[in-house]
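Have a look at the structure below, then the notes.
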Amino acid sequence: MYCRFCGKEVKEKSIVCSGCGRPVDDPSNLTKTPIMGWTWGLLFALIFVSVFFPPIGLIFGIKGLFSEATKVKASVLLTVAVFTTLLWAALILGL
Ligand SMILES: [Zn+2]
């Protein structure tokens, strides 16, 4: 195949063009690049956090509201927890 940026012929399995160094636009190579692996790792971490954050945030947020010392922090925590819950609801209903 040929590079779509400079037109140089690139090997079937190469990820970047040897002529201009730009990524070769082959869908089969996309999952193999380190950047994609990193993105997936981050995505999984985000999903992991967003799954566990709403219940924990709601519990500690409500608990904290009853104490004057933690009231402000608790309301912030509760807001974020409610927001993530709504985000999940939107995601699930959207699918
Ligand atoms: Zn090129």
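The values are calculated or read from the model by the stated rules, or taken from the named source; none is laboratory data. For clarity, every value in this text was computed on a predicted model and none was experimentally measured. Glycine also receives a Cβ, built like all others from the backbone with ideal geometry; neighbour counts cover every protein chain displayed.
Filter segment 16-39 for residues that are modelled with pLDDT of 85 or more and at negative phi and give the result. Correct list: VAL16, CYS17, SER18, GLY19, CYS20, ARG22, PRO23. Check off (1) over 27 Å from the mean Cα position of the chain (by Cα); (2) modelled with pLDDT of 85 or more; (3) surrounded by 11 or more Cβ atoms within 10 Å (Cβ to Cβ) for MET1 and give me the number that stays unchecked. With (1) over 27 Å from the mean Cα position of the chain (by Cα); (2) modelled with pLDDT of 85 or more; (3) surrounded by 11 or more Cβ atoms within 10 Å (Cβ to Cβ) applied to MET1, the lone miss is (2).
On the stretch given as segment 62-95, residues that are of a type in the set (Ser, Thr, Tyr) and within 17 Å of the chain's Cα centre (by Cα) total 2.
When segment 48-81 is limited to residues that are surrounded by 13 or more Cβ atoms within 10 Å (Cβ to Cβ) and aromatic (Phe, Trp, Tyr), the one that is nearest to ILE92 (Cα to Cα) turns out to be PHE53.
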